[in-house]
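To start, the structure under review is shown below, and the notes come after it.
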Amino acid sequence: MPWDQEAYAEAVLALVERVPRGRVTTYGAIAEHLTGLGLPRGPRTVGRVMSLHGGGVPWWRVVRADGSLPPSHGDEARAAYLEEGTPLRGTGRVDMPAAYWQPR
DNA sequence: ATCCTGACGCTAT
DNA sequence: AATAGCGCCAGGA
């Protein structure tokens, strides 16, 4: 039986909603967290969920593990970072040690 | 089954 | 910093 994508998508979105203003988390971190909750999927699957259903949550607070942004995030995300005071490193890159929020 | 394509991650160059 | 290769998970043709 196929895995419950509906439940997984809900879990991902619920988690993204908990990322505080000015902080970010990663696709991989979300995947690992949910794996711990008994929903074993990979980072790519999280990215897929965001691509399809991320519209209703703070999608700009989810970045790659190295702090770089998926091209799809665009300038919209950068504007949001300046607005929320997200720690940045250079242009269009997040200062991970400072901004990383561990899913909990 | 096979091939291609992603809002990924890691290592090597 | 940028690029390339490979592993990975899912979905579509």
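Laboratory data are not the source of any read-out in this text; all were calculated from the coordinates shown. These numbers come from a predicted model, not from an experiment. Positions of Cβ are backbone-derived with ideal geometry, glycine not excepted, and every protein chain shown enters the neighbour counts.
Is it true that some residue in region A:88-100 is of a type in the set (G, A, S) and either away from DNA strand C (no atom under 16 Å from the Cβ) or in contact with a Gly (Cβ under 6 Å, 6 or more places away or on another chain) (or both)?
no
Under 7 Å by Cβ, and 6 or more places apart or on different chains, what pairs join a residue from region A:36-49 that is without any contact (Cβ under 8 Å) to a residue 60 or more places away in the chain with one that is of a type in the set (F, W, Y) and more than 7 Å from DNA strand C (Cβ to nearest atom)?
Filtered contacts from region A:36-49: A:L39/A:Y8; A:R41/A:Y8; A:P43/A:Y27; A:V46/A:Y27; A:G47/A:Y27; A:V49/A:Y8.
Look through region A:26-54, keep the residues that are more than 17 Å from A:Q5 (Cα to Cα) and part of a helix (DSSP H, G or I), and return whichever of them is farthest from DNA strand C (Cβ to nearest atom).
My answer is A:A29.
Check A:T45 against each of (1) crowded, with 19+ Cβ neighbours inside 10 Å; (2) closer than 24 Å to A:L88 by Cβ; (3) within 8 Å of DNA strand B (Cβ to nearest atom); (4) not small (G, A, S) and name the one condition it does not meet.
(2)
Does region A:55-71 hold any residues that are buried (at least 16 other Cβ atoms within 10 Å of the Cβ), part of a helix (DSSP H, G or I) and not basic (K, R), and which are they?
Selection gives A:W59, A:W60.
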